[in-house]
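Computed from the coordinates by the stated procedures, all read-outs in this text should not be read as laboratory data. Computed from a predicted structure; not experimentally measured. Please note: Cβ atoms are built from the backbone with ideal geometry, for glycine as well, and neighbour counts cover all protein chains shown.
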Amino acid sequence: MALSFTTALKNARADAISSQVGSNGKIRIYAGTVPADANAALSSNTLLAELACSATFAAAASGGVLTVNTITQDTSADATGTATFFRVLKSDNTVILQGAVGTSGSELNLNTTSISAGAAVSITAFTLTEAN
């Protein structure tokens, strides 16, 4: 038998992410080889863009889904490159989580992974789903 979590537990786990990010978190989008996990140091990765999260990262999770509040676009990307992964950080730059970037089927989907220095980069929606 596989593990099965209650919706209440899924919501609590998702809300813990929001609590960890705290106020004024950020999302950084990078090019290069994806680190092994969120604890691993960056290695020759290029920061393409940094987007600011709302003062409150997300509303309370519902149905095991955490929907991130408004994310302010980066009006001028830092560098040119192909986005491969992102990291969510606290305001003090402590990494909370990382995931893959793509145009579909990734943890964070953008309209294009080709980012040009000086161009605007935006995220229109971002949800995190707790699974069993």
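Set Lys and Arg Cβ to +1 and Asp and Glu Cβ to -1, take the dipole of the chain about its Cα centre, and tell me which of SER62, THR124, ILE29 lies farthest positive.
The Cα lying farthest towards the positive end belongs to SER62.
For the stretch 2-19, in order, what is each residue's ³J(HN,Hα) by Karplus, 6.51 cos²θ - 1.76 cosθ + 1.60 with θ = phi - 60°, in whole Hz (x at glycine and Pro)?
7, 4, 9, 9, 6, 4, 4, 5, 4, 4, 5, 5, 5, 5, 5, 4, 4, 5
Mean-square fluctuation check for the chain, GNM, Cα pairs under 10 Å: which of ALA52, ALA14, ALA120 is largest?
ALA120
Kirkwood hydrodynamic radius, the chain, all distinct C-alpha pairs: what's the number in Å?
15.2
Using a 10 angstrom cutoff on alpha carbons, build the Gaussian network for the chain and name the most mobile of VAL65, VAL95, VAL121.
In the Gaussian network model the winner is VAL65.
Report the dimensions of the stretch 67-123 along its three principal axes from the alpha-carbon atoms, largest first, rounded to Å.
26, 25, 19
Over all distinct alpha-carbon pairs, what is the Kirkwood Rh of the stretch 39-101 in angstrom?
The Cα-based Kirkwood calculation yields 13.5 Å.
Quick check: pseudo-label points 7 Å beyond the Cα along Cα→Cβ at SER91 and SER43, how many nm apart are they?
With each label placed 7 Å out from Cα toward Cβ, I get 3.4 nm.
What is the extension gain from GLN73 to THR7, computed as 0.36 nm multiplied by their sequence separation minus the C-alpha to C-alpha distance, in nm to one decimal?
20.6 nm
Divide by every residue of the chain the summed helix terms, -39500 (n - 2.57) for each DSSP H run of at least 4, and state the resulting mean residue ellipticity at 222 nm, rounded to the nearest 500 deg cm²/dmol.
Helices in the chain give a 222 nm mean residue ellipticity of -3500 deg cm²/dmol.
Looking at the chain as a GNM with Cα springs under 10 Å, which of SER18, SER62, SER44 has the largest mean-square fluctuation?
SER44
Gap in Å between the Cα centre of the stretch 67-115 and the Cα centre of the stretch 1-44?
Each part reduced to its Cα centre gives a spacing of 13 Å.
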